[in-house]
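The values are calculated or read from the model by the stated rules, or taken from the named source; none is laboratory data. Predicted, not measured: the structure shown is a model, and the values here were computed from it. Here the Cβ positions follow ideal geometry from the backbone for every residue, glycine too, while neighbour counts run over all protein chains shown.
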Amino acid sequence: MVKPEFRRLPLVVEGTRGNYIISNGKSYLDISGSAMTVGYDFLNQIPSPVSLLVYDNIYTRELTERLKEISGFENVAYSTSGTEACDAALWRHKGNIISLEGGYHGLSNLTFKVSNGSGIDKTNSIVHLKVDGRRDEVEDVISYNENLLEDAHHLLNLRNSTLILELIQSDGGLYELSEDFLKYIEEKIEEYELRLIIDEVYTGFGRSGEMLLFKRKNIKPDMVCLGKGMAAGFPMGAVLYNGDWDLPYHGAISMQGGNMATSFASLKVMDFLTEENLRMVRENGERIIKEIKEIQSPYVYEVRGRGYMIGIEIGTEKTYDQERADEIRKKLYENGIIITLVGKHNNVVKITPPITLTEIEIERLIMGLKKALI
């Protein structure tokens with residue numbers, strides 16, 4: 001099961017400053033990925049949140065054109081979250097759904113069912129494939145999936161089903177899908193004529209070191225879902241798609257989806273996401289991973305990730321040490337650094353800072369990790 005903790009910290013936020021949360025006069029570096037991919041320096045410029053359902057506006061128009069340009073898609077539909085975007089995309093074609101174990105797509109009724117389960121869920125017409133590289137999976141993932149798909153096709157008829165996946169499973173434990181596994185997925189898409197949705201709620205808008213990770217991997221999905229950091233923490237999401245879709249309200253999936261204020265914020269984020277800044281995320285991510293590995297902590301089983309999506313799995317070859325992971329989180333908190341725990345066993349320290357992370361903040365993060373992991 002992939003159900004994020006969303007555990008509240010023992011503090012009351014009084015404000016923010018750059019990449020910091022302020023509480024009781026103390027600053028906490030927020031690398032939990034809960035708020036933003038860039039800071040809030042443009043707050044005093046935000047226009048009114050005029051609804052896209054009723055009024056056209058210059059900011060949403062510009063955002064739509066820029067999203068179409070960078071993605072290659074023909075159309076954009078707006079929501080107020082990544083969950084809404086994934087939910088809407090999954091309903092576009094109705095029918096059967098194929099997802100990956102360890103994937104997380106939201107907490108709405110449909111996205112929650114898609115995110116959790118194993119094998120064939122006949123009641124909800126969902127098939128959950130296993131992913132290679134996860135150490136608590138079956139030995140031969142491809143063989144398992146082949147047998148599962150054969151059985152599912154017999155029961156449900158998988159022709160023209162919808163397949164949804166994350167290229168890096170964020171709350172599933174920061175696992176990046178391997179090239180071999182993606183090649184296998186491409187074969188299944190062709191065999192069953194599947195419609196592919198890529199969930200870029202976490203990987204999109206810079207945190208993976210790419211504006212859109214599917215472009216770097218040269219994948220051609222039918223739809224892409226965005227959210228999380230595309231508007232610096234403001235309620236925003238989007239579905240990129242081609243072809244016709246009977247959306248009745250001018251490209252808005254929900255009442256305040258893509259409103260004037262959130263579109264303005266998203267444009268500001270895009271302005272910051274220059275190729276130079278994205279390259280810096282990639283390089284800093286490699287550096288952070290390297291320095292964590294050099295700590296040689298007896299509690300760390302594996303360090304993995306890309307860009308500013310880094311996971312530190314706590315345990316051994318035979319154990320998943322959630323208790324130790326929670327102690328590490330507490331130590332980091334005491335040193336003014338906020339992280340969350342993810343993964344099936346909640347034993348993976350998730351490092352997903354905003355891409356505006358400074359050199360001083362990187363040093364603070366690494367020093368904090370050294371203290372917490374030894």
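From the list 240, 194, 165, which residue is at pLDDT 95 or above, touching a strand residue (DSSP E or B) at 6+ places or on another chain (Cβ under 9 Å) and more than 30 Å from residue 30 (Cα to Cα)?
Values: 240 fails: more than 30 Å from residue 30 (Cα to Cα); 165 fails: more than 30 Å from residue 30 (Cα to Cα).
Matching residue, one of 240, 194, 165: 194.
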Q.
Every residue in the range 175-217 that is under 19 Å from residue 96 (Cβ atoms) and among the hydrophobic types (A, V, I, L, M, F, W, C), please.
A. 185, 189, 194, 196, 197, 198
Q) Which number in (1) farther than 26 Å from residue 355 by Cβ; (2) in contact (Cβ under 8 Å) with a residue 12 or more places away in the chain; (3) part of a helix (DSSP H, G or I); (4) not hydrophobic (A, V, I, L, M, F, W, C) marks the one condition that residue 183 misses? A) (2)
Q) Of the residues 317, 291, 363, which is loosely packed, with under 15 Cβ neighbours inside 10 Å and assigned to a helix (DSSP H, G or I)? A) 363
Q. If we keep just the residues of the range 14-41 that are modelled with pLDDT under 80 and aliphatic (A, V, I, L, M), which is surrounded by the fewest Cβ atoms within 10 Å (Cβ to Cβ)?
A. 35
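From the residues in the range 146-162 that are charged (D, E, K, R) and outside any loop (DSSP other than H, G, I, E, B), which one is surrounded by the fewest Cβ atoms within 10 Å (Cβ to Cβ)? Break it down stepwise before answering.
At the first step, the residues of the range 146-162 found to be charged (D, E, K, R) are 146, 150-151, 159.
Filter again for outside any loop (DSSP other than H, G, I, E, B), leaving 146, 150-151.
On the way: 146: 13, 150: 11, 151: 13.
So, considering only residues that are charged (D, E, K, R) and outside any loop (DSSP other than H, G, I, E, B), the one surrounded by the fewest Cβ atoms within 10 Å (Cβ to Cβ) is 150.
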Q: Could you check residue 93 against (1) farther than 17 Å from residue 251 by Cα; (2) at pLDDT below 95 and say which number it fails?
A: (1)
Q: Considering only the range 193-218, state which residues are more than 11 Å from the chain's Cα centre (by Cα), assigned to a loop (DSSP other than H, G, I, E, B) and at negative phi.
A: 194, 210, 211, 212, 217
Q. When residue 272 is evaluated against the numbered criteria (1) surrounded by fewer than 16 Cβ atoms within 10 Å (Cβ to Cβ); (2) closer than 16 Å to residue 204 by Cα, which criterion, by number, is the only one it fails?
A. (1)
**Q.** Candidate set from the range 197-237 (those that are under 19 Å from residue 353 (Cβ atoms) and basic (Lys, Arg)); member that is modelled with the lowest pLDDT
**A.** 228
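The rows are residues; the columns are (1) over 23 Å from residue 85 (Cα atoms); (2) touching a His at 6+ places or on another chain (Cβ under 9 Å); (3) surrounded by fewer than 18 Cβ atoms within 10 Å (Cβ to Cβ); (4) not aromatic (Phe, Trp, Tyr).
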site	(1), (2), (3), (4)
121	no, yes, no, yes
138	yes, no, yes, yes
144	yes, no, yes, no
190	yes, no, yes, yes
Q: For the range 255-269, enumerate the residues that are buried (at least 21 other Cβ atoms within 10 Å of the Cβ) and either under 30 Å from residue 363 (Cα atoms) or not hydrophobic (A, V, I, L, M, F, W, C) (or both).
A: 257, 258, 259, 262, 263, 265, 266, 269
